[in-house]
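Read-outs throughout are calculated quantities, based only on the coordinates presented, and are distinct from any laboratory measurement. Only a predicted model underlies this, so the values are computations on that prediction, with no experimental measurement involved. All Cβ positions, even for glycine, are placed from backbone atoms using ideal geometry, and neighbour counts span all protein chains on display.
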Amino acid sequence: MGLWERFTSELIDVIEWLDDSGDTMVYRYEREDNAIKYGAMLTVRESQVAVFINEGQIADVFPPGLYQLETNNLPVLTTLQSWPAGFNSPFKAEVYFVSTKQFTDQKWGTKNPVMLRDPEFTAVRLRAFGTYSMRISDPVRFLQEIAGTDGYFTTAEITDQLRNMIVSRFSSALGESNIPILDLAANYDDLGEYITAVISPEFKEYGLGLTKLLVENISLPEEVEKALDKKTSMGIVGDLGKYVQFESGQATAIAAANPGGAGASGIGLGLGIAVANRLGQTLTMEPAAAYPRGYRTVIPSSARQEPPPLPSATEFYMANDGQRQGPFTLEQLRTKADDGSLTLSTLIWTPGMANWAAASQIGALSVLLAQTPPPLPENA
């Protein structure tokens with residue numbers, strides 16, 4: 001030991017701990033050979049407790065305050081050391097500062113879905129997560145049961161174990177509650193309070209106090225949530241028949257504003273309107289089983305709908321010797337196929353097509369040409 005160390009060791013010691021980490025639960029005050037000068041000043045701040053350990057045994061515990069370490073305020077340590085009267089030299093002891101503040105925003109959550117029975121959805125899988133707050137309520141027990149001789153103990157060293165305890169008790173509590181899935185959100189506070197009361201005794205065994213537990217979210221699997229969204233959407237739509245009619249009207253308006261699009265072809269548009277009207281009529285009719293045998297469903301004249309106009313025939317244009325010919329109907333093209341002026345390689349264009357294409361690439365014409373007999377041989 002150098003001259004300066006010898007000089008400073010004769011000065012009055014000041015034993016204190018200033019924590020700026022926010023997650024340290026236990027800190028061991030480091031001194032060479034654990035030598036503490038008799039008469040040293042011990043400062044224990046609010047939200048701290050100082051625990052003196054002598055030869056592996058917990059000797060004295062100091063709550064918040066300012067202390068001069070003398071025989072009169074080290075009763076247990078004095079008994080263990082059997083100090084003679086007037087003893088005035090350094091003594092050896094380990095000093096552990098234990099933080100008793102609340103450690104907030106500790107996370108918990110289910111690693112795997114929890115299987116539960118539900119009166120509406122039968123069997124479901126749920127995930128849940130939230131936060132909790134804790135504090136060291138019994139410093140001596142916490143040192144004995146958890147921290148041990150760890151001179152720098154943080155929340156990260158125990159949160160995994162506490163999270164497992166919470167998830168286990170939460171799963172049991174949720175299964176016993178028999179709360180329908182759709183009503184869980186209204187019971188988050190009650191679940192949090194109930195689980196806090198259930199788990200608190202287990203935290204107490206570690207010298208910890210569970211001050212608050214919050215359930216932030218309980219969720220269904222993504223596939224079930226999508227199905228539930230669809231069901232909710234159907235409930236908002238209400239009369240599905242009127243909704244289909246409205247949607248078909250919207251589609252008609254869009255098609256009319258885009259006459260060059262493939263969706264505006266006469267056949268497709270007419271068929272879509274016909275199907276929509278037919279579906280609307282079907283959905284507004286009452287089931288036949290609701291009427292006695294021999295009766296039929298009678299739709300009031302005010303509710304009857306007139307059939308839509310027949311769709312216009314599709315028009316085709318044909319290229320012949322570099323000239324555009326047409327428009328032709330499908331029946332007219334059949335005649336040209338019969339006389340040989342229309343073949344599989346003839347270029348054809350119809351509204352909705354981006355470019356001219358061979359007749360063999362157009363479904364209706366390829367079928368038409370396949371049914372047309374080839375020309376007679378010259379010697380026939």
*Given R₀ = 35 Å, FRET efficiency for Lys226-Lys107 by Cβ-Cβ distance, to 0.05?*
0.85
*How much net charge surrounds Thr155 when only other residues with a Cβ under 12 Å from its Cβ are counted (Lys, Arg +1; Asp, Glu -1)?*
0
*In a solvent-free Debye calculation with one equal scatterer on each Cα, what is log10 I(q)/I(0) for the range 313-366 at q = 0.17, 0.19 Å⁻¹, listed in the order of the q values?*
-0.44, -0.55
*Full extension from Gln323 to Ala357: what is 0.36 nm times the residue separation minus their Cα-Cα distance, to one decimal in nm?*
10.8 nm
*Once the Cα atoms of the range 103-224 are picked out, what are the Rg and Dmax in Å?*
15.9, 53
_Inter-part distance where the range 29-71 and the range 112-156 are each reduced to a Cα centre, Å_ = 32 Å
*If you take the alpha carbon radius of gyration of the range 85-152 and divide it by 2.2 N^0.38 Å, what ratio comes out, to two decimals?*
2.07
